Structure formats: C-alpha cells, structure tokens
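Some notes on the structure that comes next.
The values are calculated or read from the model by the stated rules, or taken from the named source; none is laboratory data. Just so it is clear, the structure is predicted and the values come from calculations on it, not from any experiment. A quick note on method: Cβ atoms are made from the backbone with ideal geometry, for glycine too, and the neighbour counts reach across all protein chains shown. Ligands, DNA and RNA are excluded from the accessible area calculation, which covers all protein heavy atoms including side chains. Shrake-Rupley method; radii C 1.70, N 1.55, O 1.52, S 1.80 Å.
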Amino acid sequence: MGIILKQSFKNTIVTFIGFGFGALNTLFLYTNIMEPTYYGLVTFILATGAILMPVMSAGAHNSLVKYYSAQKEDSKNGFLTLMMISPLLIILPLTLLVWLGYDAIGEFLSIKNVLVKNYLWYLFLVGIAMAYFEVFYAWSKVHLKSVFGNFLKEVFARICASVLLALLYFEVLDLDFFLKAIVGVYVLRTLLMTLYAYSLHRPVLSFKFPKNTKPIVGYGMLMVLGGSVALILLEIDKFMINQFMALDNVAFYGVAIYIATSIIVPARAMHQITYPMTANYLNEGNFFELESLYKKTSLTSFIASGILFVLIIMNIDDLFLMLPEEYRGGFSIIALIGLAKVFDSLLGNINAILYYSEYYRWVLVMGICFAVVTIVLNLWLIPLYGIEGAALASFMAIFLFNLSKLIFVKLKFGFLPFSGATFKVFATLLLIGALFYMLQFPFHPIINIVLKSILIGAMYLGILFRFEISEDVSGVLSKWLKRREE
C-alpha cells in the first residue's frame with residue numbers, strides 16, 4: 001500500500017484544495033455575484049457536459065486503463081493511437097446530429113427555461129473537452145502518475161472560475177463573456193492534460209493496431225453505457241430539474257449537492273491510483289492482493305467519508321447562516337445524498353473490480369436497469385416533491401445499485417469489503433454523533449465550525465489510534481507523533 005498511500009495522500013491534499021476553491025465558488029462567489037437563474041445555467045451546462053462525457057469518450061479512458069498493462073512494448077504506440085482516435089467515432093456523428101437537429105434539441109431542453117436553447121453548443125463543447133481530458137488523464141494514471149492530472153481536474157478549473165467570478169464582480173467582463181470563458185477553461189484544461197500525458201510517454205502515431213483491437217473497441221463502447229450509467233446516477237437530477245422547474249432551483253439544488261458530495265473527496269483521490277492497480281491484479285489473476293486492496297480501500301474510504309458526513313451534519317446550521325438567505329435549507333437533500341456518498345465510499349474500489357473484470361457486461365446490464373429506475377423515479381418524485389424529490393430519487397437509485405454491486409462481487413469473487421474494523425468505525429461515528437449533536441457554541445458561525453470540528457476530529461483520531469482500528473491510519477499517526485517528539 002506504500003505507493004497507494006503516497007499518491008493518495010498527495011491526491012487527497014490536491015483534492016481538498018480543489019474542494020476549498022469549489023466551496024468558495026459554490027457557497028459564496030456564485031451565490032453572491034450571479035443571479036440564481038444564471039448560476040443555475042452554469043450548473044446545468046457543466047452537469048450536461050458531464051453526462052455527455054462518457055458517450056463522447058467512446059469509453060477510451062476505461063479501455064486504456066484495462067488493456068494498457070497487457071500490451072507488449074512494440075504494440076503500445078498502435079494501442080495509444082487507437083485510444084486517441086476512438087472518441088472521434090462518436091464525436092463526429094454527434095456533431096452532425098446536433099448541427100442538423102439544433103432547433104429540435106434546443107426546443108426540448110428549453111421547455112421550462114427558454115434561456116437554455118442559446119447555449120446548446122456550450123454543452124457540447126464542454127462534453128468534448130471533458131471526454132478527451134479523461135482519455136489523457138487515464139494515459140497518465142497507467143504510468144502511476146495521477147497527481148498533476150488530479151490537480152487539473154480538481155483545482156485548475158475551480159481557480160479559473162474564482163478568477164472569472166472576481167472579474168465579473170468588478171465588471172471587467174460581462175456575463176456573456178464569462179460563460180464563454182468557462183467553456184474555454186475546460187478546453188484549456190484538456191490541452192494541458194494532453195501535454196503532460198505526452199511528456200510521460202510521447203507516442204509515435206501508428207496505425208498498426210493491436211491484434212485484439214475488436215474486443216478493445218467493443219469494451220470501450222460498452223463502457224460508454226457504463227460511464228453513462230454512472231453519470232446518470234450522479235448528474236441526471238440536475239438535468240431533469242431543468243425540465244420541470246425554473247433554473248433557480250437547479251442553483252439551490254447544486255449548492256446542497258456540493259455540500260453533500262464533499263464526503264467522497266478522499267475516496268475519489270484514492271481511486272486515482274487504486275483503479276490502475278486493480279486492473280493490474282485482475283490481469284495477473286492475483287485475487288489475494290485484489291481482496292486485500294478491496295478491504296483496505298473500503299476501510300480507509302469509510303473512515304474518511306464517515307467523519308466528513310458527521311462534521312457536515314453537526315455543523316450544518318452554522319454553515320447555512322453563512323449563505324445568502326435564499327440558499328439556506330436543504331437539510332434533507334444533504335442528508336440523503338450524503339448517506340448515499342458514504343455508502344459509495346464504503347465499497348472501496350468495487351467499481352474498478354467490476355468494470356475491469358470479465359463480468360463487466362453483467363454490471364452494465366444492472367447499471368442500465370438502475371439508470372432507467374433513476375429517470376423514472378425523478379419523473380415521479382420531482383413533480384411531487386420538487387428538488388427534495390430529486391434527492392430522494394438519487395438516494396434510492398444509488399443505494400439499490402450499490403447494494404446490487406456488493407452482492408454481485410460476493411457471489412462472483414467470494415469476498416466482501418467489510419471487516420471487524422468497519423463496524424468499529426461505524427460504532428465510533430454513532431458515538432461521536434450522539435455526543436456532539438446538541439453541542440452549540442454562541443460565537444460566529446466560522447468559529448463555531450472550527451471549534452466543533454477540532455473537538456470531533458481529535459476525538460475521532462484518538463479513538464482510531466488508541467484501538468488501532470486501521471493499520472494505515474495508525475501508521476500515519478505514529479510517524480507523525482514520532483516526528484513531533486524528535
């Protein structure tokens with residue numbers, strides 16, 4: 001776990017820096033500088049671009065991670081060339097489709113919000129930029145170099161957004177240019193990722209593709225469905241709110257969702273390095289190491305996501321006081337999505353095990369079924385309960401999908417991610433939640449949040465260290481304490 005801990009630690013720092021800028025943008029800058037309607041539009045553009053991303057990538061980023069380690073040296077250039085051109089098989093026909101059907105597509109997306117129709121190409125360009133970013137990010141991950149790509153993904157775009165929002169506030173640029181610049185940021189991010197990937201392994205353009213090109217491309221196309229399923233579960237709620245409610249509600253919902261999704265920051269950072277390792281273990285048939293990695297990623301992710309969920313719930317009232325009045329509330333959204341994200345983290349690297357194994361087709365079938373369930377639940381619950389209905393639909397779909405994956409891995413591989421330590425962490429989180437639930441300080445919200453978080457964090461780490469619940473956490477804390485003593 002040495003390389004995992006080293007790169008995961010760096011990725012976690014980078015991801016938390018990104019989260020800091022994201023929190024600044026989402027909770028303070030967007031909410032105070034932009035009207036809710038236009039903030040909702042930005043949220044809609046980025047969410048729709050994310051939904052388009054797996055389709056436009058043609059699954060090349062998944063194929064790259066799965067098959068790269070199995071390529072012989074003389075076939076790598078042909079393989080990488082194939083990965084670069086595969087997305088064009090989807091992007092070029094889609095571009096023609098959008099050009100020919102612009103009015104019809106625009107009318108469909110602007111049923112409730114006429115403003116959306118004017119920004120159809122923005123959605124498309126963001127989708128293309130995100131797709132090729134993921135391809136070249138995967139290129140760096142297979143070389144076990146994920147930190148710079150993680151910086152571009154988590155920090156770069158958010159810093160640029162902060163700068164653009166400041167310029168918008170001081171009227172250096174207008175709203176129309178701001179929206180164009182946001183799209184430009186994602187294009188620039190992709191160009192920087194491409195240059196970095198080339199610095200790790202400069203490819204020679206070769207059309208001598210691998211002998212197993214057909215299954216590689218076929219796997220990628222199937223992963224289009226897999227990636228689409230994952231993004232539908234994550235982003236479809238924002239897209240569908242636009243179809244039923246004013247864009248303002250997309251903005252309000254986006255703020256609550258951002259608070260909740262901060263829970264998966266550590267797990268997401270860890271996945272940058274554990275996913276390629278999972279693919280390697282599967283290619284080698286090393287199921288002993290695979291099970292060990294499964295359990296360790298589950299425990300470490302749960303330790304981090306669990307305490308973040310508790311911190312959010314314990315501090316939510318003070319956090320709401322720091323937001324503009326129209327953005328306050330949404331506790332039920334945060335709680336539901338937060339619990340779903342904790343369950344996500346609890347399953348460790350399960351997605352990599354499933355998508356890089358021989359069973360990926362079965363997972364895709366399950367995913368498609370649950371994507372349909374998600375859409376149906378949103379169609380049913382949004383008209384009834386508004387944005388709370390969207391959160392409930394997402395929670396139900398994510399929970400059931402994760403449960404099905406957990407059962408499937410147990411049946412096919414024979415192991416579960418849980419251990420005695422998992423239940424000790426769960427009990428510790430319940431204890432801390434019960435002890436601190438009623439504790440309220442009478443100071444400024446920021447001071448209250450800092451004080452309560454320090455107390456909760458100290459107690460949590462103390463229990464983990466005292467009872468040696470996690471080897472990795474105890475090891476890190478032991479090294480830190482020894483350095484302090486020296």
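What number in nm² do you get for the range 352-474 if you take the convex hull of its Cα atoms and divide its surface by four?
Convex hull of Cα atoms, orientation-averaged projection: 11.4 nm².
Looking at Thr31, Leu188, His61, which one has the Cα that reaches farthest to the positive end of the dipole of the chain (charges on Cβ: Lys, Arg +1; Asp, Glu -1)?
His61
Which of rounded, prolate or oblate describes the range 216-363 when judged by the alpha-carbon gyration tensor and an a/c cut-off of 1.5? Walk me through the numbers on the way to the answer.
Details: a/c = 3.68, a/b = 1.60, b/c = 2.30.
Cα axes put the range 216-363 in the oblate bin.
According to the square roots a ≥ b ≥ c of the eigenvalues of the Cα gyration tensor, what is the shape class of the range 139-225, taking rounded for a/c under 1.5, prolate for a/b larger than b/c otherwise, and oblate for the remainder?
prolate
Just going by the charge dipole of the chain, with Lys and Arg at +1 and Asp and Glu at -1 on Cβ, which of Leu430, Gly462, Pro324 is farthest out on the positive end?
Farthest towards the positive end: Gly462.
At 222 nm, what value in deg cm²/dmol follows for the chain if DSSP H runs of at least 4 each add -39500 (n - 2.57) and the sum is divided by all its residues, to the nearest 500? Please list the in-between numbers first.
Details: 22 runs with 383 residues, N = 486.
When only DSSP H runs of four or more count, the value is -26500 deg cm²/dmol.
Can you give me the accessible area per residue for the chain, using a 1.4 Å probe, in Å²?
So the chain comes to 44 Å² accessible per residue, rounded to a whole number.
From the Cα gyration tensor of the range 92-195, with a ≥ b ≥ c the square roots of its eigenvalues, which class applies: rounded if a/c is under 1.5, or else prolate if a/b is larger than b/c, or else oblate?
The shape class here is oblate.
Considering only DSSP states other than H, G, I, E and B, which GluC sites (Glu not before Pro) in the range 124-196 qualify as loop sites with at most 11 other Cβ atoms within 10 Å?
Passing sites in the range 124-196 are Glu171.
How are the alpha carbon pair distances in the range 125-284 distributed across 5 Å bins from zero to the largest one, expressed in percent?
Binned Cα distances yield the sequence 1, 7, 11, 15, 21, 18, 11, 7, 5, 3, 1, 0.
How large is log10 I(q)/I(0) at q = 0.08 Å⁻¹ when the Debye formula is applied to the Cα atoms of the chain, each weighted equally and without solvent?
-0.49
Which of the lysines could a cross-linker span from Lys117 if the Cα-Cα distance has to be under 17 Å and same-chain partners fewer than 8 positions apart are dropped?
Lys180, Lys238
Which percent of the accessible area of the chain is formed by carbon and sulfur heavy atoms (probe 1.4 angstrom)?
Carbon with sulfur: 69 percent of the solvent-accessible area.
Checking understanding here: applying a Kyte-Doolittle mean of at least 0.5 and a length along the axis of at least 30 Å (C-alpha), which whole DSSP H helices in the chain pass?
Span-like helices here: 2-23, 120-141, 175-200, 213-244, 287-321, 360-385, 387-413, 445-466.
Using a 1.4 Å probe and counting only protein heavy atoms, arrange Lys214, Lys341, Lys412 so the residue with the most accessible area comes first.
Descending accessible area places them as Lys214, Lys412, Lys341.
Binning at 10 angstrom from zero up to the longest distance, how are the C-alpha pair distances of the range 298-388 distributed in percent?
Taking every Cα pair in the range 298-388, the percentages come to 14, 30, 33, 19, 4, 0.
Once the Cβ-Cβ distance between Ser453 and Ala166 is put in as r, and R0 is 30 Å, what FRET efficiency do you end up with, to the nearest 0.05?
Result of the calculation: an efficiency of 0.65.
The range 88-142 to the range 370-416: how many Å between their Cα centroids?
The two parts, judged by their Cα centres, are 26 Å apart.
Applying a 10 Å radius around every beta-carbon, put 383-389, 103-109 in order of their mean neighbour count, most first.
383-389, 103-109
Which whole-number percent of Cα pairs in the range 50-123 have a distance greater than 21 Å?
For the range 50-123, the fraction of Cα-Cα distances above 21 Å is 44 percent.
Compute, for the chain, the length of the dipole vector about the Cα centre, with Cβ point charges of +1 (Lys, Arg) and -1 (Asp, Glu) only. Units Debye, rounded to 20.
1480
List the lysines whose Cα sits under 25 Å from the Cα of Lys295, skipping any in the same chain fewer than 8 residues away.
Cross-link targets: Lys6, Lys10, Lys66, Lys141, Lys145, Lys341, Lys405, Lys410, Lys412, Lys424, Lys479.
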